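Structure, as structure tokens:
The values are calculated or read from the model by the stated rules, or taken from the named source; none is laboratory data. Note that the structure is a prediction, hence the values are computed from the model and not measured. All Cβ positions, glycine included, derive from the backbone under ideal geometry; neighbour counts span all protein chains shown. Heads up: the accessible areas ignore ligands, DNA and RNA and are worked out on the full protein's heavy atoms, side chains in. Shrake-Rupley method; radii C 1.70, N 1.55, O 1.52, S 1.80 Å.
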Amino acid sequence: MKEKRYYPWLVVALLWVVALLNYMDRQMLSTMQEAMKVDISELNRAEAFGALMAVFLWIYGIVSPFAGIVADRVSRKWLVVGSLFVWSAVTFLMGYAENFQQLYWLRALMGISEALYIPSALSLIADWHEGRSRSLAIGLHMTGLYVGQAVGGFGATLAAMLSWQSAFHWFGIVGIAYSIVLVLMLYENPMHGRTQVAPNQDTKKVSIFNGLGVVLSTWAFWVILFYFAAPSLPGWATKNWLPTLFAQSLDIPMSSAGPISTITIAVSSFIGVIFGGWLSDRWVQRNLRGRIYTSAIGLGMTIPALLLLGLGSSLVAVVGAGLLFGVGYGMFDANNMPILCQFISAKYRATAYGIMNMTGVFAGALVTQVLGRWTDGGNLGMGFALLGGVVALALALQLFCLRPVTDNKL
């Protein structure tokens, strides 16, 4: 099957489902908090629930670079399969949790297993899609994350129909079953792990951290790392605080602000990654900086969007800003790995993206805490507006410094 011309797109389709399950399983806990409080009394304290969310983020972030290092040295197929199986099994076991400690350790284990997925999956897709289809393929895969985030919200619906235990059980069973499908249908790219070695080069003693040294000694990577981390600040801010901002700015109840904000961002981001991937793949055929320019256009769109989100007070202004931000962020999201491929060799891309993933998650944890304090002080909107300045700095650095000489660094 892997010799067929359509197989690279089948890889995207197979991993799209995994991406959906990845975000769905991590998000559904937040939607079922009320149902779980009845059986697990510790969750009645907001601090305890926050600890469950935080342990996932910190573990996920710490493990991400090591996940990338491993993905560059072993079969990414089996990392994806193993990661999906473990986090799905964890989801299943969460349905049997009887106290907070059990939930806490299961959530930590989920952070480890899910961290293995993104570096492996994106580098695998990048290897199967070179040139004309790379950004679009990455963008299509990213839509699975957006859909999974939305589908995770139905955990509360299933919990209401059956029980929160049954919701965890069924979502876990689906993931475990799908891991078997991947065993049969997903293949590693034949070129993975092949390197050109000089005749007198000793390859017997190569540190597993060799790739880390190569990546960190590449100056362009530090530019990419900053321009990836800076937009991650408003990216996580919208995930965690946009419903609150909508409720405050429009003076509407959270029951209305939540659906309006999440649907606005999800739909517009879906459009952005598809359009950004399509445009980038065509532009790079005429200009090697086409991917960078496409990403820059997306980042540029988020700057006025953040100002409007922070300072707007009408439904049209705030929702319009949300739509603008989602499209722009989607265009940025679709091109991160393709731009990385222009500067980092295929041998070290998972390592590089693992570091980027860690930085983005830690930036998200930081901005979530800071905006929480600003919310208590009544300045959440100003916080969103100021994030536009951080993005503008990243945009300027990106355009000034990143000048690729190839679209596929070997």
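Since only Trp128, Val86, Tyr96 are under comparison, the one whose Cα sits farthest along the positive direction of the charge dipole of region 39-165, derived from C-beta charges on Lys, Arg, Asp and Glu, is Trp128. Could you tally the net charge around Asn287, taking each other residue with its Cβ under 15 Å from the Cβ of Asn287, Lys/Arg +1 and Asp/Glu -1? That sum, taken over residues with Cβ under 15 Å, equals +4.
Normalised Debye scattering of region 208-301 at q = 0.15 Å⁻¹ gives log10 I(q)/I(0) of -0.80, counting only Cα atoms as equal scatterers and leaving out solvent. For region 263-310, the square roots of the Cα gyration tensor eigenvalues, ordered a ≥ b ≥ c, give a/c of at least 1.5 with a/b no greater than b/c, which places it in the oblate category.
About the centre of its Cα atoms, the chain shows a dipole size close to 1340 debye [charges on the beta carbon of Lys, Arg (+1) and Asp, Glu (-1) only; nearest 20 debye].
Beyond a 28 Å Cα-Cα separation, which of these cross-linked pairs lie in this structure: Lys239/Lys347; Lys37/Lys77; Lys77/Lys239; Lys239/Lys409; Lys37/Lys239?
Numbers: Lys239/Lys347 33 Å; Lys37/Lys77 38 Å; Lys77/Lys239 30 Å; Lys239/Lys409 33 Å; Lys37/Lys239 23 Å.
Check vs 28 Å cut-off fails for Lys239/Lys347; Lys37/Lys77; Lys77/Lys239; Lys239/Lys409.
Taking the Kirkwood radius as the inverse of the mean 1/r across Cα pairs, report the Rg/Rh of the chain. It would help to have the intermediate numbers written out before the result.
On the way: Rg = 21.0 Å, Rh = 21.7 Å.
Value, to two decimals: 0.97.
Of the GluC sites (Glu not before Pro) found in region 70-132, those in coil by DSSP whose Cβ has at most 11 other Cβ atoms within 10 Å are Glu98.
Find the Rg to Rh ratio for region 18-113, where Rh is the Kirkwood radius over alpha-carbon pairs and Rg uses the same atoms.
So for region 18-113, dividing Rg by the Kirkwood Rh gives 1.01.
Scanning the chain for trypsin sites (Lys or Arg not before Pro) in DSSP loops with at most 12 neighbouring Cβ atoms within 10 Å leaves 206-410 as the longest stretch between them.
Within the shell of other residues whose beta carbon sits under 11 angstrom from the beta carbon of Leu136, the net charge comes to +2, with Lys and Arg scored +1 and Asp and Glu -1.
For region 98-146 versus region 238-313, the spacing of their alpha-carbon centroids is 21 Å. In the chain, the calculated helix contribution to ellipticity at 222 nm averages -26500 deg cm²/dmol per residue, counting -39,500 (n - 2.57) for every DSSP H run with n ≥ 4.
So for the chain, averaging the separation of alpha carbon pairs under 8 Å that are six or more residues apart and normalising by length, what relative contact order in percent results? Could the numbers behind the result be given before it?
Details: 694 pairs, mean separation 101.4, N = 410.
About 25 percent, as a whole number.
The residues of region 297-410 have, on average, 36 Å² of accessible surface per residue, using a 1.4 Å probe with all protein chains present. Centre-to-centre, using Cα atoms only, region 8-86 and region 364-410 are separated by 24 Å. For region 287-383, the gyration tensor built on C-alpha atoms gives an oblate shape. Its axis ratio a/c (a ≥ b ≥ c) is at least 1.5, and a/b is not larger than b/c. Which shape class, rounded, prolate or oblate, goes with region 81-123 when its Cα gyration tensor gives a ≥ b ≥ c as root eigenvalues, a/c under 1.5 marks rounded, and past that a/b bigger than b/c marks prolate? It comes out prolate by the Cα gyration axes.
With a cut-off of 8 Å between alpha carbons and a minimum separation of six or more residues, what is the relative contact order of region 25-147 in percent?
31 percent
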